[in-house]
Amino acid sequence: MKSVYLPLLLLLLSSGQTGALAQDQPKTGTIKGLVLDADTKSPIVGASILIVGTTTGAATNTSGNFTLADLPVGNYTLQFRSIGYETKSRTDVIVKSQRITFVEIELEYTAVEIGDVVVKSGYFTEEKDQPTSISSYSAEEIRRAPGSAGDVSRIMLSLPSIAKIDDQLNNLVVRGGNPGENSFYLDNIEIPNINHYPIQGSSGGPIGLLNNDFIQDATFSAGGFPALYGDRLSSVMDLTFREGNREEFDGQLELHFAGVGFVAEGPLAKPRGSWMLSVRRSFLDLLVDAIGTGVAPKYSDYQGKAVYDLAPGHTLTTLGVLGVDYIEFEKDQSVEDDNVVYGTYDGLEYALGATWRYLWGTGGYSLTSVSTFGSGVDGMFFETKSNLALIEEDTREQTLQLRNVNHCRYNESHAIDFGIEAKQIANDYDYASPEYTNVLGDTVPALVVDDYITSSKAAVFASYIWRPWPRLTSTWGVRYDYFSFNRHGHVSPRFSSSYALTDRMAINAAAGIYYQSLPLILISQRAAYKDLKDPLAWHTVLGTDYLLTANTKLTIEGYYKSYSNFPLDPAQPQLFVVDGLAYGYYIGNFEQLRDEGKAESYGIELTVRKKLVAGVYGLLGGSYSVSRYRGLDGVWRDRMFDNRLILSAEGGYKPNEKWEFSLRWIFGGGPPYTPLDLEASQLINRSVLDRNRVNVERYPDYHSLNVRVDRRFHFGGSNLTMFFSAWNVYNRKNISTYYWNEIEQQQDTIYQWSLLPVIGLEFEF
């Protein structure tokens, strides 16, 4: 616990003599950086860098590097210019006392001549091959986001494309999909789930696994993504870990919602490389033990990255992520807390990989990654009132993956992306559930699975990026995926285009076909499930971007998604199976499945986003959408994550380098639910849904306000950042679900988080 007390001690000292001495001495730091060509990843020589609002600047050397030294601590905006490239600005560049802040930026090549029209949005990251449904966040925007608890998935909840479900999970439900339809990439390595206690067959969990201090930027696509990504129906989050300090050792102690942690970084064969390492452990279980009541999860994570320049144009990057989880619900405690289950969960999740980046010179670059990712679950849960074993599981999943991505620019009008993917899967399933009564009150036979399965996936993809004149950019792509387990192969064409009407306004469009294989843990249960078709989604997106000011952008988008081939259970023809699977922690027993499920979603979204300039930043979002499915009974019903109306407001104010104030308010219309059949529930003393009223009722509307205050302290050779955050400030009693309390033998309510204070400390040395 010394790592907990040290930051607290430093905080107290900062208001005393140490703080006084710190104010007597000017505090300065350094910005160093690298400017690259976005198409070739090669350094740009002679690019100019200017600190906005000052006359201070620098220029890149023959290696594309620059230095801005002896800068007073504070927040800066940098502007990057080079002949033949679009101008870009980078906000939120934080200078700390006696620290080096590293900035890497990529400039887009342009052949725009005087008089040509192009949308000028240098404050906003643009993806040429995906002009629609894209949101990007810098490292500082990720760090300071109110209500996120250092969880990059929760940061995205401010977007109007994300449904508002449950505070206790960070599930991303994107444009009428479900939490199993999302994919994550970290430094060109796919990681299916980036959470502690990951939900099998889904991409969500209660808390994020990645240390946000490592994240350089995050790009989230809510639909219409290019052929570079596959095997997902709704969204992609592409994350980049930053490099460690190539010149000196830096350390950090941290204490916040995710736990107590230590971060270290430094040079590797200086100056040819660097390394970073993070170790964290939760402390909620220690607090629970101290007060002698309640149940808290115990988890820890370990992650690191090393970068080494093998030779000019050749860089090798290795990274690793490991999460270890454990929780135990003792029966006596479950009885006291009115929990209907008790038991233990012991799990781990990991990813390990290496990436070779090869620069072709003036033509392009290649990224080739070899990685492995997997998870393990050893758990057993029992029904509290009867001691009946509900699930016993000892499952291991592992995938070895090769991913190669290439980009080639022929000239200012023509470029291509192409690559391959190959996966070798080896999963060991060993789980059992007894005969049970399902949610509609029907008896389901016992299920026993003990199987070791090997299979493979392969894909090839290519995109042609065409810019016939400065106003128009279009991307034509195609992808082919093959899954050996069920011998399914799919061709997925993709298209996107952006047309600049003026220097402030552009019209954007995207369309494509997307396939996703069903979870192997589900289709491996019965031989007949190999014949189930893979779910399919058509994406159509049309929108516009308009720059209200140089740092404020308005985006309006409409979309339509059509789904087919979803599995449905004839024994429960009213229900949409995949939504329930993605929201639970284990796969149930289905005696028969048919791939006749259809769904659709459509809506319109509006977002106004302002980058941090003149001390103010923010995001306003709103959407209206409809999401529904057709069951085997032929009836169309609302899907369980259908909020209809979503509103969000997030922003902050930084009056100086010491203080920052921010907030986030979210409103979501009440999603549909199926009420309990109270007579049937009373009869068998467990939750039984009313099969005649599936998803006809709606929960009360959800809304919550989170506020946050940050305070920075700068000492001679170290820095301390302290923040205080309060979630659900006005203590709204948002409802998570209604259920039958088997102990009290009556209908009961599970609420989402009430008022929750969160304190965080980061001490850098």
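Do we find that residue 537 is surrounded by fewer than 18 Cβ atoms within 10 Å (Cβ to Cβ) and under 29 Å from residue 592 (Cβ atoms) in this structure?
Values: surrounded by fewer than 18 Cβ atoms within 10 Å (Cβ to Cβ): no; under 29 Å from residue 592 (Cβ atoms): yes.
For residue 537, the condition - surrounded by fewer than 18 Cβ atoms within 10 Å (Cβ to Cβ) and under 29 Å from residue 592 (Cβ atoms) - is not met.
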Handout entry: Single residue of segment 312-342 satisfying the filter (closer than 24 Å to residue 378 by Cβ, aliphatic (A, V, I, L, M) and under 27 Å from the mean Cα position of the chain (by Cα)) that is surrounded by the fewest Cβ atoms within 10 Å (Cβ to Cβ)
Key = 322
Exercise for the section: Please go through segment 450-471 and pick out each residue that is closer than 17 Å to residue 400 by Cα and of a type in the set (Lys, Arg). Expected result: 457
Exercise for the section: For segment 471-491, name all the residues that are touching a residue at least 60 places away in the same chain (Cβ under 8 Å), part of a strand (DSSP E or B) and not β-branched (Val, Ile, Thr). Expected result: 477, 479, 481
Handout entry: Exclusive hit being of a type outside the set (A, V, I, L, M) and on the phi > 0 side of the Ramachandran plot, set 741, 731
Key = 731
Practice task
Could you check how many residues of segment 173-210 are surrounded by fewer than 22 Cβ atoms within 10 Å (Cβ to Cβ) and not in a loop (DSSP other than H, G, I, E, B)?
Solution key: 1
Problem - Boolean, residue 512 is touching a Leu at 6+ places or on another chain (Cβ under 8 Å), in contact (Cβ under 8 Å) with a residue 40 or more places away in the chain and either buried (at least 20 other Cβ atoms within 10 Å of the Cβ) or not acidic (Asp, Glu) (or both) - result: no
Fill in the blank from the handout: Those strands (runs of 3 or more DSSP E) completely within segment 25-86 that have 3 or more residues that are without any contact (Cβ under 8 Å) to a residue 24 or more places away in the chain are 57-59
Exercise for the section: Report yes if residue 643 is touching a residue at least 12 places away in the same chain (Cβ under 8 Å) and either buried (at least 21 other Cβ atoms within 10 Å of the Cβ) or of a type in the set (Lys, Arg) (or both), otherwise no. Expected result: yes
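Has segment 640-653 got any residue that is touching a His at 6+ places or on another chain (Cβ under 9 Å) and closer than 30 Å to residue 706 by Cβ? Break it down into steps so the answer makes sense when it comes.
Within segment 640-653, the first condition is being touching a His at 6+ places or on another chain (Cβ under 9 Å), and the residues that meet it are 647.
Subset that is closer than 30 Å to residue 706 by Cβ: 647.
Yes, because at least one residue in segment 640-653 is touching a His at 6+ places or on another chain (Cβ under 9 Å) and closer than 30 Å to residue 706 by Cβ.
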Practice task
State all residues of segment 212-239 that are of a type outside the set (A, V, I, L, M), more than 27 Å from residue 605 (Cα to Cα) and under 12 Å from the mean Cα position of the chain (by Cα); if no residue qualifies, say none.
Solution key: 212
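Taking segment 523-558, which residues are in a strand (DSSP E or B) and farther than 30 Å from residue 89 by Cα?
Step one: of segment 523-558, the residues in a strand (DSSP E or B) are 536-549, 552-558.
536, 537, 538, 539, 540 - these are the residues of segment 523-558 that are in a strand (DSSP E or B) and farther than 30 Å from residue 89 by Cα.
I need the full set of residues from segment 692-714 which are part of a strand (DSSP E or B) and among the charged types (D, E, K, R), in order please.
Of all residues in segment 692-714, those part of a strand (DSSP E or B) come to 697-698, 702-714.
Of everything in segment 692-714, those that are part of a strand (DSSP E or B) and among the charged types (D, E, K, R) turn out to be 697, 698, 708, 710, 711, 712.
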Fill in the blank from the handout: Of all strands (runs of 3 or more DSSP E) fully inside segment 569-669, the set with 1 or more residues that are modelled with pLDDT of 95 or more and hydroxyl-bearing (Ser, Thr, Tyr) is 594-613, 616-630, 645-653, 659-668
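The values are calculated or read from the model by the stated rules, or taken from the named source; none is laboratory data. Note that the structure is predicted; figures quoted are calculated from it, not measured. Neighbour counts run over all protein chains shown; Cβ positions are idealised from the backbone, glycine included.
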